[in-house]
Amino acid sequence: MEVVSYRSVETFVQHIPEVTALGVWIKAIIILAVISAIAGFGTYVERKVLAFMQRRLGPMHVGPYGLLQIIADGIKLFTKEDIVPQNANKFIFMVAPVITAATAFIALAAVPVFPDFTIPEWIPVIGGTFVPSIAADLNIGILFVLGMMAAGLYGPLLAGMAQANKWGLIGAARTAVQFLSYEVVTGLSILAPIMIVGSLSFVDFNAAQAGGIANWLVWKQPVAFVLFLIAGFAETNRTPFDLLEHEAEVVSGYATEYSGMRWGMFFIGEYANMITISVIAAVVFLGGYSADGMGWLWIMLKIAFFFMLMLWVRAAWPHVRPDQLMWLCWKVLMPIAVINVVITGIVMMV
Amino acid sequence: MYEAIAFYLFSALTIGLFLITVMSKNVLYAMTSLAAGMVLISGFFFILGADFLGVVQLIVYVGAVMALYSFAMMFFDATRDIKEKNTPAALVFLLGGLSALVLVLIFAGPIHSDAIQALYPMHEGVGNAQDVGIVLFTKYLVPFEVAAVMLLVAMIAGIILAGKKMDQSLTKDTSVDDADEILKQKDAK
């Protein structure tokens with residue numbers, strides 16, 4: 001198999017205009033604004049899609065087709081009383097949701113979210129600024145995103161431990177177990193594509209898959225793709241792996257005592273993580289983005305597909321039990337991931 | 001200039017956070033500040049341009065080691081303070097003196113900064129991960145393999161320790177085999 005050398009990457013990078021500090025600032029603000037908005041809109045889409053799959057109407061009363069429900073929910077979240085339980089560790093309790101939201105957005109800094117563009121010259125002050133597709137183009141982008149998502153573990157964990165509530169504590173314990181276990185699967189499953197491309201940079205992944213659907217890594221690494229998706233569901237706390245806040249067992253898990261905007265920050269962080277996982281899956285396995293023509297639309301469609309898939313799975317599958325979750329991780333997914341890496345290595349050597 | 005600001009900011013925050021780790025009597029504060037300090041240390045690697053090591057610091061210390069600590073913390077009541085045993089004054093004196101000596105040496109180090117050279121300087125155009133990999137698999141191959149064997153030994157030992165009573169269920173009554181018999185026993189009661 002062909003390994004992309006750094007030489008070819010350099011030529012790829014060269015015909016992109018220079019990235020200025022202003023461009024990165026603008027990009028950061030765009031990511032923060034748009035992803036927060038998408039997280040809000042995502043709740044509406046999720047409720048609608050689930051409703052249609054279950055032959056219901058979903059939100060219908062506020063505005064046309066219930067579209068203004070997002071605004072109503074937003075007003076509710078912002079105006080709700082911010083309750084801190086009496087016996088809770090107040091500082092940690094208040095900081096925990098911020099960790100979830102912050103790590104989710106920091107992870108998005110190293111991910112290509114939206115294609116790059118240049119602001120038209122006629123706009124005052126910021127006109128002519130080139131806005132890159134990746135806010136911080138690290139040459140180890142994938143590792144950074146995985147590491148930041150690993151740090152996101154502390155949000156639910158500290159929230160559960162600080163609130164002096166047994167449901168919260170059980171939710172926190174489940175967080176630690178689930179996230180730690182599935183990080184192993186995420187890392188090992190994405191290792192095989194990394195070996196083929198020979199780089200940890202999203203730009204290199206994109207370049208390696210340029211030139212049509214036949215070059216997509218999903219055809220070379222179907223096993224890794226499926227493993228990554230399953231682990232991604234677990235890491236973003238989606239059904240069938242949403243044991244951290246399983247209503248029937250632990251009330252709301254780590255989020256039991258939270259209300260108002262602090263709860264909302266957990267929610268935004270979760271949706272931002274869903275988008276991050278969708279973007280990684282789209283760029284690493286499904287060919288990513290191309291700079292010319294309708295490339296920007298395709299990457300949006302790919303991300304939307306993964307987002308939709310998460311809703312679809314939620315409508316179609318029941319929860320798993322915690323012991324089934326651990327069995328699946330350590331006795332099924334991890335061995336398959338290791339075997340996949342070994343086979344990939346052998347094929348590359350021969 | 002950005003780097004200088006970031007460096008002093010990170011240094012102050014790291015020292016402050018680690019001070020909280022040592023001084024605090026609250027488990028939760030100690031753990032949180034230690035984890036946050038680890039994140040900030042990875043910031044130093046990023047400032048130095050060692051992206052790969054920075055991310056490894058993040059994944060290994062923040063994502064794995066600290067998470068295991070915090071998992072152990074689950075067994076304590078995290079919202080209460082811990083009664084600490086007071087250490088003997090002689091030990092405090094000795095350790096304090098040693099740390100002061102080390103600090104003086106560290107601050108005096110840059111006087112001879114011209115004597116410090118990078119043994120394995122970074123190559124232009126080659127990524128961080130490649131540079132680390134090349135050194136790791138040539139010069140430091142033996143320590144690398146020894147570390148791998150050590151981890152393997154630790155893993156096997158862990159499995160054996162944890163797996164001693166694996167064939168017995170903790171939740172199920174082992175004297176009763178199937179659901180029918182459980183029901184029968186309930187009826188009998």
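The values are calculated or read from the model by the stated rules, or taken from the named source; none is laboratory data. Treat the numbers as computed from the prediction; the structure is a model and nothing was measured. Every residue, glycine as well, gets a Cβ built from its backbone with ideal geometry; the counts of neighbours run over all protein chains shown. Areas reflect the complete protein model, heavy atoms only, side chains present, ligands, DNA and RNA absent. Shrake-Rupley method; radii C 1.70, N 1.55, O 1.52, S 1.80 Å.
Some notes on this structure:
- Using equal-weight Cα scatterers in the Debye expression, the normalised intensity of region B:1-84 in log10 at q = 0.14, 0.16, 0.19 Å⁻¹ is -0.53, -0.65, -0.84.
- For chain A, adding -39500 (n - 2.57) for each run of n ≥ 4 DSSP H residues and dividing by the number of residues yields -21000 deg cm²/dmol at 222 nm.
- At a probe radius of 1.4 angstrom, the accessible area of chain A per residue rounds to 46 square angstrom.
- On the principal axes of its alpha carbon atoms, region A:244-323 extends 48, 30, 19 Å, with the longest extent given first.
- Summary of packing: across the peptides A:336-344, B:157-165, the per-residue average of other C-beta atoms within 10 Å ranks them, highest first, as A:336-344, B:157-165.
- The label-point distance for A:Trp312 and B:Ala147, in a model that sets each label 7 Å from Cα toward Cβ, rounds to 4.3 nm.
- Solvent exposure, largest accessible area first (probe 1.4 Å, DNA, RNA and ligands not counted), of A:Glu46, A:Glu245: A:Glu245, A:Glu46
- Placing +1 on the Cβ of every Lys and Arg and -1 on the Cβ of every Asp and Glu, with nothing else charged, gives chain A a dipole about its Cα centre of roughly 780 debye.
- Reducing region B:84-153 and region A:258-329 to their Cα centroids gives an inter-centroid distance of 39 Å.
- Here the relative contact order of region B:1-84, from alpha carbon pairs under 8 Å that lie six or more residues apart, stands at 33 percent.
- B:Lys164/B:Leu68 FRET efficiency (R0 22 Å; Cβ-Cβ; nearest 0.05): 0.60
- Of the residues making up region B:4-38, those losing 40 Å² or more of accessible area when the isolated chain is joined by the remaining protein chains, with a 1.4 Å probe, are B:Leu28, B:Tyr29, B:Thr32.
- Computed lengthening from A:Leu50 to A:Trp25, 0.36 nm per intervening residue step minus Cα-Cα distance: 5.4 nm
- Region A:17-349: translational diffusion in µm²/s, Stokes-Einstein, Kirkwood Rh over Cα pairs, 4 °C, 1.567 mPa s: 62 µm²/s
- Quarter of the Cα convex hull surface for region A:14-121, i.e. its orientation-mean projected area (nm²): 11.8 nm²
- Spin-label model, B:Ile82 to B:Ala4: label points 7 Å out along the Cα-to-beta-carbon direction sit 4.1 nm apart.
- At an R0 of 22 angstrom, the distance between the Cβ atoms of B:Phe75 and A:Glu249 translates into a FRET efficiency of 0.60.
- Length-normalised contact order for chain A - Cα pairs under 8 Å, 6+ apart - percent: 23 percent
- On the basis of the beta-carbon distance and an R0 of 35 Å, A:Phe305 and A:Met60 show a calculated FRET efficiency of 0.85.
- Chain B: relative contact order as a whole-number percent, Cα under 8 Å and 6+ apart: 15 percent
- A simple rule links phi to the HN-Hα coupling: the Karplus curve 6.51 cos²θ - 1.76 cosθ + 1.60 with θ = phi - 60°, which for region B:80-86 gives 10, 6, 9, 7, 9, 7, 7 Hz, with x for Gly and Pro.
- Portion, in percent, of the accessible area of the protein assembly as shown that falls on carbon or sulfur, probe 1.4 Å: 71 percent
- Interface residues, region B:122-146 - accessible area loss of 10 Å² or more versus chain alone, probe 1.4 Å: B:Gly125, B:Val126, B:Gly127, B:Asn128, B:Ala129, B:Gln130
- Residues along region B:51-70 losing 10 Å² or more of accessible surface when the other protein chains are present rather than the chain by itself (probe 1.4 Å): B:Asp51, B:Phe52, B:Val55, B:Leu58, B:Ile59, B:Val62, B:Gly63, B:Ala67, B:Leu68, B:Ser70
- Computed from backbone phi with θ = phi - 60° and the Karplus coefficients 6.51, -1.76 and 1.60, the 3J(HN,Hα) list for region A:252-268 is 9, x, 5, 9, 3, 8, 8, 9, x, 6, 5, 5, x, 5, 4, 5, 4 Hz; x is used for glycine and proline.
- Over chain B: helical MRE at 222 nm, DSSP H runs n ≥ 4 each giving -39500 (n - 2.57), nearest 500: -21000 deg cm²/dmol
- Heavy-atom accessible surface that B and A bury in contact, both chains counted, 1.4 Å, Å² to 100: 2400 Å²
- Å² per residue, accessible surface of region B:86-127 at 1.4 Å: 92 Å²
- Options A:Gly66, A:Ile134, A:Phe179, ranked by Cα towards positive dipole end of chain A, top entry (Cβ charges): A:Gly66
- With all projection directions averaged, the alpha carbon convex hull of region B:86-127 covers 5.7 nm².
- Think of a 1.4 Å ball rolled over the protein heavy atoms: region B:1-84 then has 57 Å² of accessible area per residue.
- Structure note, pairs B:Lys83/B:Lys164; A:Lys331/B:Lys165; A:Lys27/A:Lys302; B:Lys83/B:Lys165: Cα-Cα distances above 30 angstrom occur for B:Lys83/B:Lys164; B:Lys83/B:Lys165.
- For chain B, the equivalent ellipsoid built from the Cα gyration tensor has semi-axes of 46, 27, 18 Å, listed from largest to smallest.
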